[in-house]
Amino acid sequence: MADYNFGLFSCLVVDDSSYLRTLISSSLRAIGVGNIKTVDHGGQGIEFLQAVRDDPMKAGMQNVDLIFSNWQMNPVDGMMLLRWVRRHKDSPNRFVPFVMVTGYADREKVREARAMGVTEMLAKPFSVVNLGQRLLQVVDRPRKFVHTSKYFGPDRRRTQREIPPDKDRRKINERDVEVVHV
């Protein structure tokens, strides 16, 4: 972490627990993140992202470089926020890295979040080191975005392997997939 200056980095933290909002934002500050905005639920997150798009000076942030969001919140949860960010026409940045913070770290929940376009998962309980690892993963290893008829989000494959032509398991053709570079 010493090699990076996150002083100009901007994060949005979305969590209905004031304790976890404080924990995440304090951890980000300890890492050196310079601009952090916290909100209580996904609906407020959407409103803030729109405010940044419409009037960055008034919102107090020029852009949002990374979103940390809790999964389970009321009235708008993290998955609904993620869906809005990735798929809604009013989303100001469909490519923004999105880290889902959750106590649901089982395989099925991870698959569900990946299918919606999450960039990284951060399981509770977490440490500053875990949070920093997710931040570094986003910065050091950005992933291409993929757009198909059923999915928009970061490429879910972490490694690029050569697959022999006779072993291709995809059910769609390459011409049906658009790889979008960020």
A chain fully extended from Ala115 to Tyr4 at 0.36 nm per residue, minus the present Cα-Cα distance, gains in nm 36.9 nm
Points 7 angstrom from Cα along the Cβ direction at Gln50 and Thr22: gap in nanometres? 3.1 nm
Grab region 10-144 and count how many Lys pairs have their alpha-carbon atoms under 28 Å apart, sequence gap of 8 or more, or different chains. 11
Stretchable slack from His88 to Lys144, in nm (0.36 nm times residue separation minus alpha-carbon distance): 18.2 nm
In region 92-159, what trypsin sites (Lys or Arg not before Pro) fall in a loop by DSSP, with at most 10 other Cβ atoms inside 10 Å? Lys150, Arg157, Arg158
Based on alpha-carbon atoms only, what is the radius of gyration of the chain relative to the globular estimate 2.2 N^0.38 Å? 1.05
Kindly work out what percent of the DSSP beta bridges joining two residues of the chain are antiparallel, to the nearest 5. 25 percent
Under the rule a/c < 1.5 gives rounded, and otherwise a/b versus b/c splits prolate from oblate, where does region 1-68 land using the Cα gyration tensor? oblate
If the label point is 7 Å along Cα→Cβ of Gln62, which residues in region 17-40 have backbone nitrogen under 20 Å from it? 29, 32-38
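Computed from the coordinates by the stated procedures, all read-outs in this text should not be read as laboratory data. All of these numbers come straight from a predicted model, not from anything done at the bench. Backbone-built Cβ (ideal geometry, glycine too); neighbour counts: all protein chains shown.
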